[in-house]
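Notes follow once the structure below has been shown.
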Amino acid sequence: MQRIYLDANATTPVLPAVVEAMLPYFTECSGNPSSAHLAGQRTRAAVERARAAVASLLHCAAKEIVFTSGGTESDNLALTGILQPFLDHNEPAHLITTQIEHHAVLYAAEALEKRGIRVTYLAPNRGGLIEPAALEAALTPETKLISVMLANNETGVIQPVGKLARIAKAYNPAILVHTDAVQAAGKLPLDTAGEFKNIDLLSISGHKMYAPQGTGALFIRSGVHLMPLQYGGPQERQRRAGTENVPGIVALGRAAELAQEFLHQALEPHSSQPTAHSSNIASLSGLRDSLEQGLLAAIPGTHINGSTAHRAPNTTNIRFEGIDAESLLIALDMQGIAASFGAACQSGATEPSHVLLAMGLTPAEARSSLRLSLSRHTTAEEIDRALQIIPAAVARLRKLA
Ligand code: PLP
C-alpha cells in the first residue's frame, strides 16, 4: 500500500537536491568553519553561501541571519534574548503574544512571566485571527516586545503580522516585533524589506521547508541586540555559541534556494498529470482546496476551522461532527493516511488543542477536529484516494458510535 502523507506541518521530507548538497559536508568537506586551514575555510565559505541563500529568501542582509537548531531555539532566542536584559536590570517589561502560538513561544513566554515579565496573551476571533484592535488595547508604555506568529501550525490561518507591527511601531518605535514564521517559510513570500519591514525578529525551521530536522534560523534586524542563550565560542557574531552544524546549514541554504524557486514559479494551475508534484503555490492550494471541498461535499456535518480567506496554501483543519479525531487518526493510519490533530508534539496527548479552544470551539468540538497538511510531494492521485478513504472511515466510526 502506497502511504499518503498529509502531515507536512509536522515535518516535511528532505528534498533529494537538499540531501545531495549536504552529503559532502559529512565526509570530504568536513573542516570546522572556525579553523584557519583550507578545510576550515571551505566549510566557512559553505556556511556563508547558505547564509546568503536564507537571507535572500527573507530579503535581508546575510549578517542578519543566525543559524540555530530549529524553530524552538529561534523562538526562545528571540523572546528570552530580548527580555532577559530587562530582568537583569530590574526594569519593568511587558510582552504581548497570543493564545494561539506554538508552545515554543507560549511556554517561553510563561517561563519569562514566572521570572517577572508581564505578559498579555491576545485571544483570536472565531476565525483564528488576531484583530488589530486587540493589540491596540493591549499596548502599554512598558511594552518591549510583541510576538505574533505568521501562519498557525494547526489551522494555517495567517495573521496580519505586517499590520500589527505597524501599529506597534506607531505606538512606540522602540517596541520590537517577533514573528514565528516556521509554518510560513517556503509557503508564503517573506519580505523583511517590504511587507515585514517593521518586523525585527523572525523564526524559521528547516524541517518545515524540506531541510532536515534540527536546523533553523533567526532573522535579527541590524541594530537589534539580544542576549545569547548559551555561552561559548564567538560563532554567529556572538549570538549563538557552538560549532556550526555545517551539513544542516548547507541543507537549509539549499532548501531556501528551492523554496524561492517554488514561490516564484509561474502561477499556472496544477498539472493534469495525476502523479505530478506541486511545483508552485497555486497547485498546492488547488490540491488542498479539492481535498477540502471533496470532504465537505461527501461528509455531512463537516466544518472548516479557521478563516479560509487567510490561510497557508497547504493546510486545512476540519471538524467532523460526532467523531473522536483520535479514533479517526488511528483508522486513517491503518489505511495508509498520515494526518494529525494539531501540533505533532500534542499527538497522543488527550488535551484538546489550545488553538481551537482559544478560537471558541468547545473541548468536544476540538476533539473532533483533524489537521490535514499537504506537502509539495502530494499528488492529485493521492488526494483522490484520500477522498475515498476518509469519508468511508468517518461513516464507519459514526455507525459504531
Ligand atoms: N513554531 C511553529 C509554528 C511550529 O509549527 C513548530 C513546529 O511544529 C515550531 C515552532 C518548532 O520548530 P522546531 O520543530 O524546528 O523546533
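The values are calculated or read from the model by the stated rules, or taken from the named source; none is laboratory data. On a predicted model such as this, the values are computed, not experimentally measured, just so you know. Glycine gets a Cβ as well: all are built from the backbone with ideal geometry, and neighbour counts include every protein chain shown. Please note that ligands, DNA and RNA were not included when accessible areas were found on the heavy atoms of the full protein model with its side chains. Shrake-Rupley method; radii C 1.70, N 1.55, O 1.52, S 1.80 Å.
The figures follow:
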| read-out | value |
| --- | --- |
| Helices (runs of 4 or more DSSP H) contained in the stretch 126-245 and holding at least 1 residues within 14 Å of the ligand (Cβ to nearest atom) | 161-171 |
| Residues satisfying the stated conditions in the stretch 122-177, i.e. among the acidic types (Asp, Glu), surrounded by fewer than 21 Cβ atoms within 10 Å (Cβ to Cβ) and under 29 Å from Leu361 (Cα atoms) | Glu131, Glu136 |
| Test: residue in the stretch 309-321 that is surrounded by fewer than 21 Cβ atoms within 10 Å (Cβ to Cβ), aliphatic (A, V, I, L, M) and at pLDDT 95 or above | no |
| Enumeration of residues in the stretch 19-53 that are open to solvent by 70 Å² or more (accessible area, probe 1.4 Å) and among the hydrophobic types (A, V, I, L, M, F, W, C) | Leu23, Phe26, Ala36, Leu38 |
| Residue within the stretch 103-125 that is among the basic types (Lys, Arg), more than 16 Å from the ligand (Cβ to nearest atom) and in contact with a Pro (Cβ under 8 Å, 6 or more places away or on another chain) present | yes |
| Hey, Leu87 in contact with a Leu (Cβ under 6 Å, 6 or more places away or on another chain), away from the ligand (no atom under 16 Å from the Cβ) and under 27 Å from Tyr107 (Cα atoms) or not | no |
| Test: residue in the stretch 374-392 that is hydroxyl-bearing (Ser, Thr, Tyr), open to solvent by 10 Å² or more (accessible area, probe 1.4 Å) and within 16 Å of the ligand (Cβ to nearest atom) | no |
| Filter pass, Arg126 being farther than 20 Å from Gln230 by Cα and of a type in the set (Lys, Arg) | yes |
